[in-house]
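Below is one structure. I have some questions about it.
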Amino acid sequence: MSEPSVWTKRRMGALMGGGVGLTIGFLFGSWSILQNGAGPRGVLSTLSKTMLSSAATFSFFLAIGSVIRNDSPILEAAHLRLMAPAPAVRSRSEGFQLMRARWEEERRRESSRS
């Protein structure tokens, strides 16, 4: 099973932002109408304008945020590489012993292949 693409994540972010924006727009628009009145355009027009502008704003920013937070394998590998613990500090003699042990292991592998 593969991960969703960047465009799928963008669309999902936009849809979630639209839903959140419509809800927030309804709440704040209703509060504004109750507090200040509907104005010359009427209740429905004022409420719908508030809801749509809020939905467009939230949708735009959540779509961008979803793309930015895209956890692609390349970015994840780079992050793991950056967050890896620092190598242990060893003395020169320990380093030489490890190097000689690796060389011996490589020689054994080469001799077993032949």
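The values are calculated or read from the model by the stated rules, or taken from the named source; none is laboratory data. The structure displayed is predicted, hence computed values, not measured ones. In this analysis, Cβ positions are derived from the backbone assuming ideal geometry, glycine residues included, and neighbour counts consider all displayed protein chains.
Restrict the check to region 54-68 and report whether at least one residue is assigned to a loop (DSSP other than H, G, I, E, B), at pLDDT below 90 and either surrounded by 13 or more Cβ atoms within 10 Å (Cβ to Cβ) or hydrophobic (A, V, I, L, M, F, W, C) (or both). Spell out the reasoning first.
The first filter runs over region 54-68 and keeps only residues assigned to a loop (DSSP other than H, G, I, E, B), leaving none.
Looking for residues that are assigned to a loop (DSSP other than H, G, I, E, B), at pLDDT below 90 and either surrounded by 13 or more Cβ atoms within 10 Å (Cβ to Cβ) or hydrophobic (A, V, I, L, M, F, W, C) (or both), one finds none in region 54-68, hence no.
Any residue in region 56-67 that is of a type in the set (Gly, Ala, Ser) sitting within a Cβ distance under 8 Å of a residue that is in a helix (DSSP H, G or I) and loosely packed, with under 15 Cβ neighbours inside 10 Å? List the pairs, counting only those 6 or more apart or interchain.
Listed by first residue and then by second, the contacts come to 59/15; 63/11; 66/12.
Still on this structure, please answer the following. Return the pair list, or none, for Cβ contacts closer than 9 Å from residues in region 14-26 that are at pLDDT 95 or above to residues that are part of a helix (DSSP H, G or I) and basic (Lys, Arg), at least 6 apart or on different chains.
Once the first residue is at pLDDT 95 or above and sits in region 14-26, its partners that are part of a helix (DSSP H, G or I) and basic (Lys, Arg) give 25/49.
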